[in-house]
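Right, one structure below, let's go through it.
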Amino acid sequence: MRLKAQILIMLGALLLSGSVCFASYEPILEKAVGESQNFQSIKKQLNEFEQQFQSFEGAAIPGKDFSTVTKASLLQKPLSFPDYSLSLVKDVKTPAEIIDGITKKMFPSPKQVSASPTDLKFNLDALDSPLKEVIQHLLDQIELISATDFETTLSQAQAFADAVDKIFIPQLQSMPTSTIKNVTLQSVTDPKIVIAIGDQGKNLYQADANNNFLLIIDFGGDDTYYGAVAAAKFPLRVSVVIDLAGNDRYLDEKGDISQGAAVNGLGMLVDVQGDDIYVGSKRSQGYGGLNGVGILWDKSGQDRYVSYQYSQGAAGYFFPQEDTRDAYVARTKQESFGLLLDNEGNDVYYTTNNPAEASAQSPGFSDAFSQGFGIGDRGAGLLIDLNGNDVYSSTVIAQGVGWNQGLGILYDGTGDDLYVGVHYVMGASAHRGFGAFFDLSGEDRYYVLDGQGMGASQDTGIASFIDGGSDNDVYFPKGDSGGTGMNNSFATFIDEGGDDAYYGSSMGRSDLNGYPYRGLNLGIFIDAGGKDFYSDGGKHSRQDINGPCIQTESGSEGAKRYPNEVNGIFCDW
């Protein structure tokens with residue numbers, strides 16, 4: 001009780017001070033748990049969550065190893081998940097900074113296993129100095145990355161991205177553009193692998209079976225890129241595009257692996273300036289597949305991103321769900337990293353729908369696996385937008401979702417944003433996954449069209465939704481949304497402040513729907529300040545009264561059978 005009292009005093013002082021920009025979310029969650037009727041039972045379940053997780057996994061796959069730093073830190077202390085995931089992305093401005101956090105906190109000891117080096121030789125005599133020297137330096141870095149395994153590739157990608165940002169781009173920008181000419185260079189060892197240099201005109205780059213672009217550098221102009229560019233797939237282990245300026249179009253609407261995507265290598269696309277349009281299909285726009293690192297970095301402009309699946313900051317691949325050891329290992333032991341980073345501008349992120357490939361979750365909508373989606377024990381997918389009034393629209397499994405032990409994060413820094421999703425969206429997880437969603441400021445609008453979003457977890461998952469600042473937001477939750485932990489899961493929803501409106505129910509809820517395993521079932525909803533409005537006056541929500549947390553109810557048979565193990569907490573302070 002002494003710890004509980006200390007937490008209440010600390011949080012009370014913080015709230016009375018008028019500050020709603022919390023330095024840490026863990027004390028907020030501790031306060032909510034402390035106000036719960038089942039305080040002692042919940043604390044016990046939280047303390048045992050790691051053992052429950054490992055017991056479940058051990059029953060499915062005997063001898064399974066749980067050595068990643070993600071699990072070591074989160075399963076022992078589930079309430080720390082919002083702080084942990086935010087620490088990976090907050091205050092970062094470059095891919096190098098993001099990868100640095102990922103490698104230190106998820107892969108601290110990379111394996112030093114070399115792959116077969118490439119043997120791509122180019123005759124650079126057609127280039128004038130100093131461009132020739134810059135291209136040679138880039139090729140040396142690319143050769144180094146081509147000869148490494150995934151974790152070393154991730155580490156090398158950090159150094160390479162840092163060099164592109166701080167060395168190569170400034171060097172290229174300082175060159176007299178009058179001396180730059182359009183040049184295409186074929187590899188001496190494989191003429192189908194090429195390097196392209198573009199001047200400041202309107203250039204066209206067409207990738208096909210006879211033109212696999214190892215490197216494209218464009219100095220400006222409104223350019224068009226067709227096909228698989230910045231795509232590391234056979235025969236390339238590395239593929240890089242650097243476009244310095246112009247309103248560009250990247251078009252590969254029927255392709256697979258493009259626009260900063262990789263399988264077993266590194267694909268990187270950097271667009272420095274301009275209002276750009278990206279149109280992809282599957283595995284594009286910051287996608288890392290098996291042993292792949294995919295990065296799309298747009299530094300400025302009003303941009304439009306359109307794709308279908310496994311895109312816009314996605315990692316891993318959804319292998320078939322057969323109940324076999326091989327299928328399970330294929331899904332969970334992937335190593336992959338995907339990042340879409342947009343620094344500024346009013347942007348649109350959109351994934352298309354294909355009803356012919358209907359999701360098992362929501363008939364009529366297809367799975368997206370996008371916008372900050374990660375699957376696999378060492379899979380991390382991130383969508384990060386730092387500034388601007390943005391629109392995010394997707395279907396099923398998107399917008400900060402972790403699946404099968406993967407980590408997915410969507411982070412938006414500032415701006416008045418709109419989010420639309422169908423199912424498993426806006427900070428969701430399932431099957432031992434970790435999903436996190438952050439929008440740190442702005443008057444935002446959130447629409448969940450079917451269910452399980454805004455901090456919702458299922459099947460031993462952990463999920464978190466955070467809306468920061470004291471802005472006035474509007475929420476349209478549906479189904480099990482708004483801090484709902486289902487079937488041995490933990491989920492949180494936190495709105496830091498503002499006069500908010502909620503048009504829906506079932507927030508801050510937990511349930512156990514005939515699940516064969518018992519353990520932690522905890523959903524927490526917190527609105528930490530402001531005069532709020534709730535459209536549903538039923539048992540799962542209430543009008544704003546700025547009072548202590550209440551225990552929400554569940555009518556399922558599992559909840560009736562294990563009343564102390566199904567805990568939903570609703571807090572409006």
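The values are calculated or read from the model by the stated rules, or taken from the named source; none is laboratory data. Just so you know, these numbers come straight off a predicted model, no measurement behind them. Methodologically, a virtual Cβ is constructed for each residue, glycine included, from the backbone with ideal geometry; neighbour enumeration extends over all protein chains shown.
Sort out which residues of the range 365-393 are hydrophobic (A, V, I, L, M, F, W, C), assigned to a strand (DSSP E or B) and under 15 Å from the mean Cα position of the chain (by Cα), and write them in order of number. Please lay out each step first, then the result.
Residues of the range 365-393 that are hydrophobic (A, V, I, L, M, F, W, C), as a first pass: 365, 368-369, 373, 375, 380, 382-384, 386, 391.
When the remaining residues are screened for being assigned to a strand (DSSP E or B), the result is 368-369, 373, 375, 380, 382-384, 391.
A368, F369, F373, I375, A380, L382, L383, I384, listed by residue number.
Scan K181, K233, K192 and give me the residue that is surrounded by 14 or more Cβ atoms within 10 Å (Cβ to Cβ), of a type in the set (K, R) and in the same structural domain as A245 (by TED's automatic domain parsing). Don't jump to the end; show me each part of the working.
Working: K181 fails: surrounded by 14 or more Cβ atoms within 10 Å (Cβ to Cβ); K192 fails: surrounded by 14 or more Cβ atoms within 10 Å (Cβ to Cβ).
Within the list K181, K233, K192, the selection yields K233.
Of these, S470, S441, S510, S535, which one is touching a residue at least 40 places away in the same chain (Cβ under 8 Å), of a type in the set (G, A, S) and surrounded by fewer than 23 Cβ atoms within 10 Å (Cβ to Cβ)?
Numbers: S441 fails: touching a residue at least 40 places away in the same chain (Cβ under 8 Å); S510 fails: surrounded by fewer than 23 Cβ atoms within 10 Å (Cβ to Cβ); S535 fails: touching a residue at least 40 places away in the same chain (Cβ under 8 Å).
Answer to the selection: S470.
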Legend entry - Pick from the range 325-372, criterion modelled with pLDDT under 95 and among the β-branched types (V, I, T), ranking: farthest from L154 (Cα to Cα): V329
Inset, instruction - Kindly provide the set of residues from the range 307-320 that are part of a loop (DSSP other than H, G, I, E, B) and modelled with pLDDT of 95 or more, ordered by number. - result: Y308, Q312, G313
Legend entry - Failed condition for A232, given (1) free of Cβ contacts under 8 Å to residues at least 40 places away in the same chain; (2) in contact with a strand residue (DSSP E or B) (Cβ under 6 Å, 6 or more places away or on another chain): (1)
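Pick from the range 2-14 the residues that are out of contact with any helix residue (DSSP H, G or I) (no Cβ under 9 Å at 6 or more places or on another chain) and aliphatic (A, V, I, L, M): which of them is modelled with the highest pLDDT? It would help to see each step written out before you state the result.
Start the filter on the range 2-14 by keeping residues that are out of contact with any helix residue (DSSP H, G or I) (no Cβ under 9 Å at 6 or more places or on another chain), which leaves 2, 6, 9, 13.
This time we only want the ones that are aliphatic (A, V, I, L, M), so: 9, 13.
Working: I9: 35, A13: 38.
Among them, the one singled out is A13.
How do the strands (runs of 3 or more DSSP E) wholly within the range 219-293 filter down when requiring 2 or more residues that are farther than 19 Å from A368 by Cβ: which remain? Talk me through it step by step, then tell me what you get.
Values: elements: 224-226, 238-243, 249-251, 256-258, 265-271, 277-279, 282-284.
It comes to 224-226, 238-243, 249-251, 265-271.
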Inset, instruction - Residues being farther than 25 Å from A358 by Cβ and either free of Cβ contacts under 8 Å to residues at least 12 places away in the same chain or touching a Leu at 6+ places or on another chain (Cβ under 6 Å) (or both): count how many of those fall in the range 404-437. - result: 3
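Condition first: assigned to a strand (DSSP E or B) and among the acidic types (D, E). Now tell me which residues in the range 294-306 satisfy that. Before you say what the answer is, go through the steps one by one.
Start the filter on the range 294-306 by keeping residues that are assigned to a strand (DSSP E or B), which leaves 294-298, 304-306.
The one that is assigned to a strand (DSSP E or B) and among the acidic types (D, E): D298.
Residues to consider are I375, I397; find the one that is modelled with pLDDT of 95 or more, out of contact with any Leu (no Cβ under 8 Å at 6 or more places or on another chain) and more than 19 Å from D347 (Cβ to Cβ).
Numbers: I375 fails: modelled with pLDDT of 95 or more.
Within the list I375, I397, the selection yields I397.
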Inset, instruction - Counting only residues that are of a type in the set (F, W, Y), give me the strands (runs of 3 or more DSSP E) lying completely in the range 396-435 with at least 2 of them. - result: 418-425
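Within the range 449-480, how many residues are hydroxyl-bearing (S, T, Y), within 23 Å of Q405 (Cβ to Cβ) and in a loop (DSSP other than H, G, I, E, B)? Steps first, please.
Going residue by residue through the range 449-480, those that are hydroxyl-bearing (S, T, Y) are 457, 460, 464, 470, 475.
In the following step, the residues that additionally are within 23 Å of Q405 (Cβ to Cβ) were identified as 457, 460, 464.
Imposing the further condition that a residue be in a loop (DSSP other than H, G, I, E, B) reduces the set to 460.
Counting residues in the range 449-480 that are hydroxyl-bearing (S, T, Y), within 23 Å of Q405 (Cβ to Cβ) and in a loop (DSSP other than H, G, I, E, B) gives 1.
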Legend entry - Filtered residues of the range 108-129 (kept if surrounded by 14 or more Cβ atoms within 10 Å (Cβ to Cβ) and either outside the structural domain of L236 (by TED's automatic domain parsing) or modelled with pLDDT under 60 (or both)): P110, A115
Inset, instruction - Please work out which one of (1) farther than 25 Å from G301 by Cβ; (2) surrounded by fewer than 18 Cβ atoms within 10 Å (Cβ to Cβ); (3) in contact with a strand residue (DSSP E or B) (Cβ under 6 Å, 6 or more places away or on another chain) is the condition T224 fails and give its number. - result: (1)
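From the list D412, D342, which one is among the acidic types (D, E), closer than 25 Å to P78 by Cβ and surrounded by 24 or more Cβ atoms within 10 Å (Cβ to Cβ)? Show your work before the answer.
Numbers: D342 fails: closer than 25 Å to P78 by Cβ.
None of the others qualify; the one that does is D412.
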